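Data block below; observations after.
The values are calculated or read from the model by the stated rules, or taken from the named source; none is laboratory data. None of these values were measured; they are calculated from a predicted model. Glycine gets a Cβ as well: all are built from the backbone with ideal geometry, and neighbour counts include every protein chain shown. We work out accessible area using only protein heavy atoms, side chains counted, and drop any ligands, DNA or RNA first. Shrake-Rupley method; radii C 1.70, N 1.55, O 1.52, S 1.80 Å.
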Amino acid sequence: MVEPFETRPGIISVISGYTGGHMENPTYEQVVGGYTGHVEAVEIIFDTQIWSYKELVELYWQLTDPTDAFGQMADRGDSYRPVIFVANEEQHQIAEQSKRDLAESGRYKHPIVTAIEPATTFWPAENFHQQFYQKNPRRYKKLKRSRQQFLAFQRMQTKWRRGWKIWGKD
């Protein structure tokens, strides 16, 4: 989740970390072990004159499978569940409306399960997690290619489903 945001103009900082749990200063092993209730997340600091919160949420939907409650791509488990964390009521309303719009778009056959939850303390991850895509370029390239292929497959399914409905074959 870092690279797709970090490489855009107006994104000041993207930090990998953990949030949403009940333990202070969790470690990676504790989080993925399921001991803390945290999920892996990114904290995005952005220039509000270039990006709106709504635009960030829209970009998020393009990068994930919001119908998969058990993780994303190769990252599986509760600590990888899809969540949009919101800092205030305005962000909450924007995220909920965006989620409704996505659900009503017909883009996905299955329900949108991405949770929208209040932001809690964000704990930066260990250094080996920061800028993973830069430190592990070969592995990241494979993961990125898999994600792109999967998302392209989903888009193709949506087009096929919409075409099928047009012909009355629902």
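Details
- Label-point separation in nm, Asn88 to Ala115, each point 7 Å along Cα→Cβ: 2.4
- Accessible carbon and sulfur surface of region 29-107 relative to its total accessible area, %, 1.4 Å: 49
- Spin-label zone in region 78-97 - amide nitrogen under 19 Å from a point set 7 Å from the Cα of Phe122 along the C-beta vector: 79-96
- Heavy atoms of Ile50 accessible to a 1.4 Å probe, total area in Å² rounded to 10: 90
- Tensor-based shape of region 1-124 (alpha-carbon gyration tensor, a/c under 1.5 rounded, otherwise prolate or oblate): oblate
- Distance between region 83-126 and region 18-46 - C-alpha centres, whole angstrom: 17
- Of the GluC sites (Glu not before Pro) found in region 1-104, those in coil by DSSP whose Cβ has at most 11 other Cβ atoms within 10 Å are Glu24.
- Taking every protein chain into account, the accessible area of region 1-62 amounts to 52 square angstrom per residue (probe 1.4 Å).
- Note on Glu29 and Ala69: their simple-model spin labels are 3.1 nm apart, each label 7 Å out from Cα toward Cβ.
- Among the protein heavy atoms, those of Ser52 account for about 50 Å² of accessible surface (1.4 Å probe, every chain in place).
- If the segment from Arg145 to Glu43 were pulled out straight at 0.36 nm per residue, it would be longer than the present Cα-Cα gap by 34.4 nm.
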